[in-house]
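Before any comments, here is the structure.
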Amino acid sequence: MKLNKPRFNKALTSLLLIPLLLLLPAAYASPPVSGSGTFTATVTSATVVHTDDDGNTLYKFSGPDVFTGTISGTGAFTVYLLVRPSGADTGRGTVTCPCSIGGQAGVISSQFTSMGTFGGPGIGHFVDTGSGGLDGLHAVGTFQFVTTSTGFAGPYQIEYHFDNQDE
């Protein structure tokens, strides 16, 4: 019987790596956790970025955003809101928050989209990641909002987990 050297070398390499892999610390994602809370976004800067000939207007709003509930802390938001002549709007924005979640503190970076009626209610979706003490955070969620005299406010629902947790 002739020994196939390339196949034998691959098998030997694999066998030698198995004990090394067993010595490495195991990493895993924590189980998903559901939560909820509220946010209050106060507009401290409002700018008309562009208005086109069809009556569509792009606004940029920014200011502080206060979170209570599963996420706790005060961050800063920026949202670009496209408002159509019908009053329907769509938004895309970010929130950066030195906050806590799940008993851990760090910085949450959030990207969100929204749709609603300008000056009225709306809904949205967000994706969060973390840094600092929240390294490995991955979260997704939804929110509802109403327009207030100073900005936007409403409830959020979130599901999150942490990657890279050592056993």
| field | Condition broken by Gly120, with the remaining ones in (1) farther than 18 Å from Thr90 by Cα; (2) open to solvent by less than 50 Å² (accessible area, probe 1.4 Å); (3) not in a strand (DSSP E or B) satisfied | value | (1)
| request: For Leu3, state whether it is at pLDDT below 95 and in a loop (DSSP other than H, G, I, E, B). | output: yes
| message | Take Pro98 and tell me if it is of a type outside the set (Val, Ile, Thr), under 22 Å from Leu134 (Cβ atoms) and open to solvent by 70 Å² or more (accessible area, probe 1.4 Å). | response | yes
| task | Could you list all residues from region 30-47 that are open to solvent by 50 Å² or more (accessible area, probe 1.4 Å), touching a residue at least 40 places away in the same chain (Cβ under 8 Å) and either of a type in the set (Gly, Ala, Ser) or not in a loop (DSSP other than H, G, I, E, B) (or both)? | result | Val33, Ser34, Ser36, Thr38, Thr40
| request: Out of Val146, Val79, Val140, report the one residue that is assigned to a strand (DSSP E or B), of a type in the set (A, V, I, L, M), at pLDDT 95 or above and open to solvent by less than 50 Å² (accessible area, probe 1.4 Å). | output: Val79
| said: Let me spell it out: the conditions are (1) under 14 Å from Val79 (Cβ atoms); (2) surrounded by 17 or more Cβ atoms within 10 Å (Cβ to Cβ), and Arg92 meets all of them except one. Which number is the exception? | reply: (2)
| said: Going residue by residue through region 58-69, is there one that turns out to be at pLDDT 95 or above, more than 21 Å from the chain's Cα centre (by Cα) and among the hydrophobic types (A, V, I, L, M, F, W, C)? | reply: yes
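The values are calculated or read from the model by the stated rules, or taken from the named source; none is laboratory data. Remember, it's a predicted structure, so these values are computed and weren't measured experimentally. Note: ideal-geometry Cβ built from the backbone for every residue, glycine included; neighbour counts use all protein chains shown. For the accessible areas, the whole protein counts, side chains as well, though only heavy atoms, and no ligand, DNA or RNA atoms are used. Shrake-Rupley method; radii C 1.70, N 1.55, O 1.52, S 1.80 Å.
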